[in-house]
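The values are calculated or read from the model by the stated rules, or taken from the named source; none is laboratory data. Quick caveat, the model's predicted, so the values are computed rather than measured. Cβ placement follows ideal geometry from the backbone for every residue including glycine, while neighbour counts extend to all protein chains displayed. Surface accessibility is based on the protein's heavy atoms, side chains included, excluding ligands, DNA and RNA. Shrake-Rupley method; radii C 1.70, N 1.55, O 1.52, S 1.80 Å.
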Amino acid sequence: MASPNVHWWYTIFLMYIEPVSALVGAFYAIFQQYEYLSMTHSPSTSLAIPMSTSIVLNQLGNLYLFFAMVEALVLRSTSDVAVWRALLLPMLIADFGHLATVGPLGWSVYYDITNYNAMDWGNVPFVYLGATTRVAFLLGIGVGEARKSAGRKEKQR
């Protein structure tokens with residue numbers, strides 16, 4: 001498994017936690033559609049899921065599966081920080097898009113954790129965590145530090 005010289009958090013979160021979370025989302029979107037919709041917005045969910053909604057949920061599940069595989073496999077395939085950055089930037093943009101999708105639930109969805117269900121935790125704070133992780137990586141925080149200090153040691157000899 002290739003991995004650049006980065007802080008352990010990036011490896012754990014980006015290669016394991018987030019891809020597994022996306023697989024869980026894919027599972028619910030494809031195989032537990034009523035629960036998925038109910039956790040998203042219970043008042044607008046009916047027992048009979050329209051075929052068009054089911055198709056869209058299957059497509060969403062497929063995108064979650066794609067997201068999980070791309071993140072896990074691309075990041076494992078290279079230690080090139082430039083490739084990691086090239087992947088994480090569009091993912092960061094998608095984080096903001098994901099957060100915007102829950103806007104119709106009202107502003108409180110972004111901060112009122114007292115009313116959160118599992119879907120809300122995944123849609124908001126978990127996305128905040130992912131976005132924060134990507135911003136930190138893109139800013140170079142915890143990226144390549146050991147190599148710099150190793151290079152200094154070589155120069156001192």
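Among the residues that make up region 37-45, is at least one of them hydrophobic (A, V, I, L, M, F, W, C) and within 17 Å of residue 102 (Cα to Cα)? Yes, that holds for at least one residue.
Looking across region 62-83, the residues that are under 14 Å from the mean Cα position of the chain (by Cα) and open to solvent by less than 80 Å² (accessible area, probe 1.4 Å) come down to 64, 65, 67, 68, 70, 71, 72, 75.
Between 140, 97, which is outside any helix (DSSP H, G or I) and either in contact (Cβ under 8 Å) with a residue 60 or more places away in the chain or farther than 19 Å from residue 37 by Cβ (or both)?
140
Note on region 52-61: among residues that are closer than 18 Å to residue 22 by Cα and of a type in the set (A, V, I, L, M), the one that is most open to solvent (accessible area, probe 1.4 Å) is 56. Looking at region 43-51, is at least one residue under 25 Å from residue 141 (Cα atoms), among the aliphatic types (A, V, I, L, M) and surrounded by 14 or more Cβ atoms within 10 Å (Cβ to Cβ)? Looking for residues that are under 25 Å from residue 141 (Cα atoms), among the aliphatic types (A, V, I, L, M) and surrounded by 14 or more Cβ atoms within 10 Å (Cβ to Cβ), one finds none in region 43-51, hence no.
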